[in-house]
1. As a test of the formula, what do you get for the chain when each DSSP H run with n ≥ 4 contributes -39,500 (n - 2.57) and the sum is divided by the residue count, at 222 nm and rounded to the nearest 500 deg cm²/dmol?
2. Using DSSP, restrict attention to beta bridges with both residues in the chain and report what percent are antiparallel, rounded to the nearest 5.
3. Tell me whether the range 20-67 comes out rounded, prolate or oblate; compute the Cα gyration tensor, take square roots of the eigenvalues as a ≥ b ≥ c, and use a/c under 1.5 as the rounded threshold.
4. Could you give the angle, 0 to 90 degrees to the nearest 10, between helix 181-198's Cα long axis and the longest principal axis of the Cα atoms of the chain?
5. Taking H placed 1.01 Å from N in the peptide plane, check which residues at least 5 places from residue 153 or on another chain put their amide H under 5 Å from its amide H.
6. First select every other residue whose beta carbon is under 14 angstrom from the beta carbon of residue 142; then total the charges, Lys and Arg +1, Asp and Glu -1.
7. I need the trypsin sites (Lys or Arg not before Pro) found in the range 295-398, filtered to DSSP loop residues with at most 15 other beta carbons within 10 Å of theirs.
8. Taking the dipole about the Cα centre of the chain, with the C-beta of Lys and Arg at +1 and of Asp and Glu at -1, give me whichever of 57, 8, 425 is farthest to the positive side.
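What follows draws every value from the coordinates through simple rules; no lab data is involved. Since the structure is predicted, the reported quantities are computational estimates derived from the model, not experimental observations. Here the Cβ positions follow ideal geometry from the backbone for every residue, glycine too, while neighbour counts run over all protein chains shown.
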Amino acid sequence: MPAWLKDAIFYEIYPQSFYDSNGDGIGDINGITQKLDYVKSLGFNAIWLNPCFLSPFMDAGYDVADYKAVAPRYGTNEDLYNLFSEAHKRGMHVILDLVPGHTSDEHDWFVNSKTAEGSEHNDTYIWTKSVWDRPEGFSWVAGLAERDGSYLINFFNSQPALNYGFADVTDPSWQMPYTHPICQANFDRMLDVMRFWLDRGCDGFRVDMADSLVKNDRGKRATASLWHKARRMLDKDYPEAVLVSEWCNANRAINLAGFHCDFVLCHPGTINQLGFRNKVDGENKSYFCKTAHQSAEHMLERYLNDYQVSKGNGYMSIISGNHDNERISWTLDESELRLAYTFIFTMPGVPFMYYGDEIGMKYLPQKSKEGGYHRTGSRTPMQWDKNAINLGFSTADVLELYLDVDRSENAPTVSEQIDDPDSLLNFVRSLTQLRHDNEDLQADAEFEVLVCDLSGVLCYRRGNLAVAINPTAVTQMMHMNIGEKIFEVGFATNQGQIALLEPQTAVVFKLK
């Protein structure tokens, strides 16, 4: 396990929306480099960079046309190497987004694979024997290539699935077993991509749709065998590099496949969904909503199971949000965000924060851009300066912007919050400092739920510290001596063995 993960706090950057350094209306890598001091000043010591590779951007870069080339809109490979170097000078790490399950249909591998006469890449993708085949149970495209066959896709039609074979071969005429040398060689191409970037300063990868590789793989053991191959390579040649999975199944991702971290995504029954984004028939039922008034038991149920089965082998990663979900401020107001953020940064594992969540950027529903659809509203430009053109994101004309900024009067900005000690931004800064200063709040310190009842109060132990949260709008009692307080949101008082937690309070205290 890379030692730096223990105290890592990640900041996710969507490159086209962070900072435009050359005035063309779209964020770029040099813009990220220019803002490294800002990211570090908030207490984030690691960055997850969404895809920045050559792409036609039918899915915002998750359709890769060349894994070893930076998209010109973002700059050059040398710009990315420089970002790695500058981050390392500041004691920071940078991981890239790896998309191994599919490529763009403009990737040279696919362009060659779809030709009638065939090529060395004939079996790089999954083709049926005939264009008339309609493979049941799969998403497929037919009639758009010279080659006589239909090809499988993973998501959009422009994302043909790479061929890692089948765990259960049901039609040998076109399906290969995942152990076939061709399928193994296809995964070796991904290992080559990983080595390319690791050799140039990358610190690891967040893996998109990590469970999507081998088809007909019900238990995911075949897919896991490929990731173990990657993990063995890292352990041998790049022991400080990390693998973070988009899987949301800790037992499979960490125990079975060997990932260092697994995201808790916004899937039904997860903390991300039940705690932060739980709207039911238009009513906010999120645990951290002050009017929900419910036990945290349901929110924690799946998490506690995943935590127990993966403990000691890897880390669960709770995220404030990402590029695929409505922003956390969509359902939580600022006072509720402060409690949710306290929770995120004091729980086990490696926390992630999405750019702009530190200032409470809003989810802005709008017309789809580059395959974003409803997700587009969470991908708007970072809001730097209230008094600058385009809120400081870009000097370009508004019509040239990748996406428009929040034009509302109450749009939050860094400039308004950075010098305000009571701002959300500085609250996030205080939380990251608290975590860095206390090993008992870091990734692998002991964790135990102490109080979780119908009042809504949640209290958990981290080593010799404990965190108590009352997200409700009324004062609650907790039968426990809270000891010496080292961090507090709202107010908590201690009367013998009874602690009074005023509305919307979170307190971190030392255990006696």
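1. -6500 deg cm²/dmol
2. In the chain, DSSP labels about 60 percent of beta bridges as antiparallel.
3. oblate
4. In the chain, helix 181-198 runs at an angle near 50 degrees to the longest axis.
5. 139, 140, 141, 161
6. -1
7. In loop regions of the range 295-398 (DSSP not H, G, I, E or B), the sparsely surrounded trypsin sites (Lys or Arg not before Pro) are 367, 386.
8. Highest projection toward the positive end goes to 8.
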